[in-house]
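Enquirer: Input: one structure, supplied below.
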Amino acid sequence: MSVPRFWRKIPQRYNLIGTQCTSCSRTFYPPRSFCPDCRRSGETVPYQFQGKGEVVTYTVIRSASDAFAQQTPFVLAIIRLDEGPRVTAQIVVENVNEARIGMRVRSVFRRIGAEGDSGAIYYGTKFVPDVPYIDA
Amino acid sequence: MTGIITYGAYIPRYRIKLEEIARVWGDNAQDITGGLGVREKSLPDLDEDTATIAVEAARFALARRTIDPEQIGAVYVGSESHPYAVKPTACTVGEAIGATPVMTAADYEFACKAGTAGIQACMGLVGAGMVPYGLAIGSDVAQGAPSDALEYTAAAGGAAFLIGQDDPIATIHRTASFTTDTPDFWRREGQNYPRHGGRFTGDPGYFKHVEGAANLMFEQTGKTAKDYDYAVFHQPNAKFPQRVAKTLGFTPEQIKPGLVVPTLGNTYSGASMIGLAATLDVAKPGDRVFVTSFGSGAGADSFDIEVTDAIESEAFRRSAAPTVRQLLANPIYVDYALYARHKGKIVMQ
Amino acid sequence: MRDVAVIGIGCTTFGEKWGTSFRELFLEAGALALEDASLSGEKIDALYVGNMSAGRFVEQEHIGALIADYSGMASRHIPSTRVESACCSGSLAFRQAMIAVASGLEDVVVAAGVEKMTDVETSTSVDALAAAADREWEGFVGATFPGLYAMIATDYMNRYPLTREQLAQVAVKNHYNGARNPIAQFQKEITVETVLRSALVADPLRLFDCSPITDGAAAVILAPLERAREFTDAPIRILATSQASDTIALHDRRDISTMDATVAAGRRAFEMARLTPSQIDLVEVHDCFTIAEICAIEDLGFCQKGEAGRLTEEGETALNGRIPVNTSGGLKACGHPVGATGIKQVCEVVQQLRGDAGRRQIDGAEIGMTQNVGGTGASVAVHILGRA
């Protein structure tokens with residue numbers, strides 16, 4: 001990742017802001033500026049997703065590229081957001097064997113990566129199991 | 001009246017018991033935990049830092065109350081562990097809560113009281129009518145050198161307070177600060193860990209300043225400890241706030257809800273603010289809360305706070321975000337090796 | 001359109017070729033193909049080369065010109081084009097060459113593929129390969145290629161009857177075939193236990209579910225069918241070429257366990273060749289991971305969805321099975337120099353149709369097929385070849 005490429009989509013990465021087609025109401029995350037259904041007869045506008053969803057499929061990454069090598073093992077999943085679109089994201093769990101298809105998750109703000117010790121830090125959205133907080 | 005519109009706290013789920021740290025350094029665990037009054041402390045996940053903690057706390061605050069984030073005209077994040085030495089955590093927070101771009105922002109550093117300094121700045125801006133709301137956050141992934149006394153308590157967590165004038169859940173009647181140049185604790189530029197003056201951090205540091213600010217507040221308001229339902233003090237350990245509370249005339253019951261250090265540790269800039277959040281978690285309308293933070297270097301900020309009816313109104317949904325007690329529940333315990341990995345203490349390629 | 005034939009093939013051995021550079025790899029394959037077609041370079045009208053990521057692997061772009069130059073064709077100024085479509089680059093170079101000949105624009109054309117992957121550290125090549133997925137919304141959050149295919153496997157195994165052992169059988173079969181292919185990177189047979197005891201890479205995929213990092217190049221020479229016998233006694237006719245695309249990101253697919261691009265490309269190819277799956281004697285599919293072979297067999301129509309695991313377990317995809325799959329050893333055992341893979345698949349099918357496949361020969365093979373995938377299925381090319 002480079003700084004301009006990261007920066008360009010900061011609102012989308014931090015806050016799950018996607019797009020919606022004003023013609024057919026279909027929502028997109030990751031954002032698309034062109035609705036594949038309505039094509040040029042549609043127009044897309046920003047759309048805020050609520051950050052809740054369900055695990056469609058997942059894996060545990062045990063061997064990663066350099067940028068993620070110090071985070072392994074971690075759970076990577078495809079999540080269907082409640083509004084419809086599916087997104088690829090990490091799921092933060094206590095034990096990587098916890099991940100399940102159908103698991104309800106909610107979004108959290110986490111550090112995604114960094115350019116070494118002195119470069120830019122990339123923040124973004126991960127998900128955690130959507131379990132209620134309990135008192136003790 | 002200027003006051004707290006909403007608040008939120010965040011504490012990572014990971015904990016290490018002090019006895020585990022003592023085991024590594026060959027210290028007597030009972031001496032350590034007994035001396036500090038702390039049993040365990042929090043630590044961040046691999047992908048958590050001061051910014052992520054600040055964002056989660058701020059988002060929890062906004063979950064409790066419907067606020068147009070664009071009305072937040074100021075964001076201040078106080079911390080001793082900002083992810084960047086230069087590049088504000090406050091900008092990341094502002095972006096992550098949708099408050100940008102029409103806002104002022106800055107990172108504060110005043111050891112453990114940078115967060116309450118942020119509250120004071122927001123009070124000034126709000127009171128002057130310069131911004132509708134100001135967001136003050138204290139957040140830290142506290143640093144303590146391996147085997148140093150600080151390592152037993154340096155913890156991770158933060159709290160966010162939205163300051164404004166429209167129907168606050170708690171009115172801040174007054175704030176009073178007491179500040180001198182006292183080198184009791186510091187971290188030089190480029191150094192990974194803070195240094196401290198050992199027992200010098202006590203009387204000339206913590207006690208002189210906390211008592212200084214508290215007594216200043218008593219003088220200015222004509223009130224005493226008996227006029228308050230609750231009190232919150234900076235809590236680097238359990239002993240210091242207990243002793244200062246007693247000196248100032250507060251009972252153990254008054255400081256109980258806000259004394260979270262025994263199972264949280266010292267979250268530096270987050271410490272007194274998480275204590276205040278824990279107190280607001282249980283407060284009722286009319287409750288009066290006395291808060292005094294402390295930051296080495298050194299200074300203390302006192303606040304005279306009164307909880308309003310709004311805390312139980314429909315406009316404020318206290319249960320929409322976790323309480324401090326809930327954030328402390330259900331921890332994940334790690335051993336020292338995992339702790340070292342999470343804290344980035346292992347030298348990597 | 002003119003009918004087009006393959007008149008020569010050449011393939012380097014695949015593996016970690018420490019002593020051989022990127023350009024030497026190509027030259028070796030090209031020379032073998034020219035020799036096979038009894039041609040000299042002066043007869044070549046154009047060159048298409050499939051290559052995924054020379055920029056990342058050897059810090060070299062402008063591959064078309066480089067290849068033409070080092071093949072001694074600079075003074076003839078022939079057109080030379082690099083084709084990139086991730087791991088599907090080779091097949092698309094083949095398709096472009098085929099279209100050029102079929103159109104009548106060119107006569108004798110080289111279609112090649114080359115990838116030199118071992119000049120960088122493994123983690124760098126893992127990162128380079130991840131660029132075949134959606135860098136912004138998959139790679140950015142930590143997705144690796146094994147990770148994405150692992151998510152296909154998780155979804156597939158949740159919905160269809162496929163056991164972990166059946167998945168391992170894919171690798172076992174391909175290693176068996178690879179052990180009978182002189183160019184294969186892995187010449188050793190393995191057992192199901194070898195796979196199941198290997199390290200997890202991305203659950204449920206283990207090391208032996210994954211194709212390796214490979215250096216290699218392959219080249220074929222195409223000519224109009226009507227002229228093919230000028231060069232060879234055994235021309236192989238291209239019966240169909242097809243290509244299909246899909247969403248770049250796996251999460252946007254209609255169905256995670258079905259490669260719709262394979263379905264579309266397969267259907268178009270069968271239509272063009274006026275053939276059905278039962279008429280195919282062997283197929284080289286893109287088994288970058290074992291799960292990919294399972295999906296490919298089904299999506300091309302060799303069996304129903306959910307049956308490929310059983311088919312594999314019962315030996316139906318083995319050399320002596322009903323539909324031999326990956327007789328070369330596939331990407332798994334033969335190796336996967338990404339840009340070269342599509343061309344190598346064609347080389348294998350041509351060898352089989354000529355009856356030159358030695359110990360892995362499918363008796364009487366007359367029609368063969370290749371399926372080559374880019375990314376997680378965002379690009380797929382399918383070709384059908386037959387004895388002329």
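The values are calculated or read from the model by the stated rules, or taken from the named source; none is laboratory data. In this text the structure is predicted, and so the values were computed from the model without any measurement. Cβ: placed from backbone, ideal geometry, glycine included. Neighbour counts: every protein chain shown. Note: accessible area is taken over every heavy atom of the protein model, side chains too, but ligands, DNA and RNA are not part of it. Shrake-Rupley method; radii C 1.70, N 1.55, O 1.52, S 1.80 Å.
Enquirer: Of the residues in segment C:257-287, how many are open to solvent by less than 10 Å² (accessible area, probe 1.4 Å) and either within 19 Å of C:Pro204 (Cβ to Cβ) or under 15 Å from the mean Cα position of the chain (by Cα) (or both)?
Expert: Residues that pass the stated criteria total 10.
Enquirer: Would you mind listing the helices (runs of 4 or more DSSP H) fully within segment C:294-388 where at least 3 residues are modelled with pLDDT of 95 or more and among the β-branched types (Val, Ile, Thr)?
Expert: C:338-354
Enquirer: Could you tell me which residue of segment C:17-39 is surrounded by the fewest Cβ atoms within 10 Å (Cβ to Cβ), considering only residues that are more than 19 Å from the chain's Cα centre (by Cα) and in a helix (DSSP H, G or I)?
Expert: The residue in question is C:Glu35.
Enquirer: Residues B:Ser269, B:Ser313, B:Ser319: which one is among the small types (Gly, Ala, Ser) and surrounded by 24 or more Cβ atoms within 10 Å (Cβ to Cβ)?
Expert: The match here is B:Ser269.
Enquirer: Among the residues that make up segment B:97-109, is at least one of them open to solvent by less than 10 Å² (accessible area, probe 1.4 Å) and either away from chain A (no Cβ under 14 Å) or in a helix (DSSP H, G or I) (or both)?
Expert: No, because not a single residue in segment B:97-109 is open to solvent by less than 10 Å² (accessible area, probe 1.4 Å) and either away from chain A (no Cβ under 14 Å) or in a helix (DSSP H, G or I) (or both).
Enquirer: Restricting to segment B:76-100, what's the tally of residues that are of a type outside the set (Gly, Ala, Ser) and out of contact with any helix residue (DSSP H, G or I) (no Cβ under 8 Å at 6 or more places or on another chain)?
Expert: 5
Enquirer: Another question, if that's okay. C:Met52 is checked against (1) more than 25 Å from C:Ala228 (Cα to Cα); (2) over 24 Å from the mean Cα position of the chain (by Cα); (3) surrounded by 20 or more Cβ atoms within 10 Å (Cβ to Cβ) and fails just one. What number does that condition carry?
Expert: Checking C:Met52 against (1) more than 25 Å from C:Ala228 (Cα to Cα); (2) over 24 Å from the mean Cα position of the chain (by Cα); (3) surrounded by 20 or more Cβ atoms within 10 Å (Cβ to Cβ), the one that fails is (2).
Enquirer: Going through C:Arg206, C:Arg227, C:Arg180 one at a time, which residue ends up being open to solvent by 50 Å² or more (accessible area, probe 1.4 Å) and more than 14 Å from chain A (Cβ to nearest Cβ)?
Expert: Step by step, each of C:Arg206, C:Arg227, C:Arg180 is checked, and only C:Arg227 is open to solvent by 50 Å² or more (accessible area, probe 1.4 Å) and more than 14 Å from chain A (Cβ to nearest Cβ).
Enquirer: Moving on. Just checking, how many residues over segment A:102-118 are surrounded by fewer than 16 Cβ atoms within 10 Å (Cβ to Cβ), part of a loop (DSSP other than H, G, I, E, B) and modelled with pLDDT of 95 or more?
Expert: Number satisfying all stated conditions: 1.
Enquirer: Name every residue in segment A:7-23 that is crowded, with 16+ Cβ neighbours inside 10 Å and more than 12 Å from chain B (Cβ to nearest Cβ), in order of residue number.
Expert: A:Gly18, A:Thr19, A:Gln20, A:Cys21
Enquirer: Moving on. Out of everything in segment C:1-16 that is among the small types (Gly, Ala, Ser) and closer than 15 Å to C:Ile183 by Cα, what residue ends up being surrounded by the most Cβ atoms within 10 Å (Cβ to Cβ)?
Expert: C:Gly10
Enquirer: So, one more: Just checking, how many residues over segment C:147-161 are open to solvent by less than 30 Å² (accessible area, probe 1.4 Å) and more than 7 Å from chain A (Cβ to nearest Cβ)?
Expert: 5
Enquirer: A follow-up question, please. Counting only residues that are under 21 Å from the mean Cα position of the chain (by Cα) and open to solvent by less than 20 Å² (accessible area, probe 1.4 Å), which one in segment C:119-144 is nearest to C:Thr247 (Cα to Cα)?
Expert: In this case the residue turns out to be C:Ala133.
Enquirer: So, in segment A:79-101, how many residues would count as being touching an Asp or Glu at 6+ places or on another chain (Cβ under 6 Å) and open to solvent by 40 Å² or more (accessible area, probe 1.4 Å)?
Expert: Of the residues in that region, 1 qualify.
Enquirer: Would you confirm, using the coordinates I've provided, whether C:Gly10 is free of Cβ contacts under 8 Å to residues at least 60 places away in the same chain and either more than 21 Å from C:Gln351 (Cα to Cα) or under 15 Å from the mean Cα position of the chain (by Cα) (or both)?
Expert: no
Enquirer: What is the residue count in segment A:84-94 for residues that are free of Cβ contacts under 8 Å to residues at least 40 places away in the same chain, more than 9 Å from every other protein chain (Cβ to nearest Cβ) and not in a strand (DSSP E or B)?
Expert: Total meeting the criteria: 1.
Enquirer: Just for segment B:39-56: of the residues that are facing another protein chain (nearest Cβ under 7 Å) and touching a Pro at 6+ places or on another chain (Cβ under 7 Å), which one is surrounded by the most Cβ atoms within 10 Å (Cβ to Cβ)?
Expert: Looking at residues that are facing another protein chain (nearest Cβ under 7 Å) and touching a Pro at 6+ places or on another chain (Cβ under 7 Å), I get B:Ala51.
Enquirer: In segment B:214-252, what count of residues is obtained for those that are small (Gly, Ala, Ser) and outside any loop (DSSP other than H, G, I, E, B)?
Expert: 4
Enquirer: For the structure I just gave you, tell me whether C:Glu42 is in the same structural domain as C:Gly90 (by TED's automatic domain parsing), surrounded by fewer than 20 Cβ atoms within 10 Å (Cβ to Cβ) and out of contact with any helix residue (DSSP H, G or I) (no Cβ under 8 Å at 6 or more places or on another chain).
Expert: Spelling it out, it is not the case that C:Glu42 is in the same structural domain as C:Gly90 (by TED's automatic domain parsing), surrounded by fewer than 20 Cβ atoms within 10 Å (Cβ to Cβ) and out of contact with any helix residue (DSSP H, G or I) (no Cβ under 8 Å at 6 or more places or on another chain).
Enquirer: Select, from C:Gln304, C:Gln352, the only residue that is crowded, with 24+ Cβ neighbours inside 10 Å, over 28 Å from C:Ala131 (Cβ atoms) and not assigned by TED's automatic domain parsing to the domain that holds C:Arg82.
Expert: That would be C:Gln352, the only listed residue that is crowded, with 24+ Cβ neighbours inside 10 Å, over 28 Å from C:Ala131 (Cβ atoms) and not assigned by TED's automatic domain parsing to the domain that holds C:Arg82.
Enquirer: For B:Ile311, are the conditions met, namely being part of a strand (DSSP E or B), hydrophobic (A, V, I, L, M, F, W, C), at pLDDT 95 or above and over 14 Å from the mean Cα position of the chain (by Cα)?
Expert: So B:Ile311 does not fit the description; no.
Enquirer: Let me confirm something: among C:Val126, C:Val201, C:Val141, which residue is at the interface with chain A (Cβ under 8 Å from one of its Cβ atoms) and modelled with pLDDT under 95?
Expert: Just a single option satisfies the conditions, and that option is C:Val126.
Enquirer: Report, by residue number, each residue of segment A:59-78 that is surrounded by fewer than 24 Cβ atoms within 10 Å (Cβ to Cβ) and either under 28 Å from B:Arg59 (Cα atoms) or more than 7 Å from chain C (Cβ to nearest Cβ) (or both).
Expert: A:Ala67, A:Gln70, A:Gln71, A:Thr72, A:Pro73, A:Phe74
Enquirer: Hey, can you tell me all the residues within segment A:112-125 that are within 12 Å of chain C (Cβ to nearest Cβ) and touching a Lys or Arg at 6+ places or on another chain (Cβ under 9 Å)?
Expert: Result: A:Ile112, A:Tyr122, A:Tyr123, A:Gly124, A:Thr125.
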